[in-house]
Structures are given as structure tokens and as C-alpha cells.
Amino acid sequence: MGESTNNKTQQTRIVEYCKSHRGITSLDAVRDLGIIRLASRINDLKRNGFKVESDWETVQNRYGEDTRVKRYYVEAKEAEKTA
């Protein structure tokens, strides 16, 4: 089954967000882009040739407690880098 148009649009939003911000977390994706399943879209990007790296960071939740979140960094596909 192929990717839906919405998934491709979400992937584009994620790549653009990462270009203009310091990566993206699942909270950023929901709050700023309306994307609920960030990990799924990240996997789609990887399958489509994007280089994706990630690391864990500690942030405070709404109760002031420390919690860890994964921040993803997306680089353009090789073809886009040379274009």
C-alpha cells in the first residue's frame, strides 16, 4: 500500500520544521504541526532516503518534573544536497 498524500505532506512539514528549528520532538510535532505519530513519519522519511539522527534530552513536564524526550534531526536526501 502506497503512502497517502497526507503522509507526504506531513513529511514535508517535518523536514521544513527541522530546517528552521533545532530538530523536532513529538511535542513540537503535535503542538506546531498537528502531527500525532511523529515516529511513524520519521520512519517514512528514512525509507524515502532522508538521513535522520536523534538524541535524548531532558525537559520539564507541566508538573515541573524532569522527563526525557527524543529530538530528531532530519537532513536532506543526497539528491537534494547536490541539486
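The values are calculated or read from the model by the stated rules, or taken from the named source; none is laboratory data. All of these numbers come straight from a predicted model, not from anything done at the bench. Please note: Cβ atoms are built from the backbone with ideal geometry, for glycine as well, and neighbour counts cover all protein chains shown.
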- Query: Say we look at segment 20-42 and pick out the residues that are within 12 Å of VAL74 (Cβ to Cβ) and without any contact (Cβ under 8 Å) to a residue 12 or more places away in the chain; which of these is surrounded by the most Cβ atoms within 10 Å (Cβ to Cβ)?
  - Reply: HIS21
- When residues of segment 8-46 are filtered for being β-branched (Val, Ile, Thr) and either at pLDDT below 95 or part of a helix (DSSP H, G or I) (or both), how many remain? 6
- Note on the structure: Scanning segment 69-83 residue by residue, those modelled with pLDDT of 95 or more and either at positive phi or among the charged types (D, E, K, R) (or both) turn out to be LYS70, ARG71
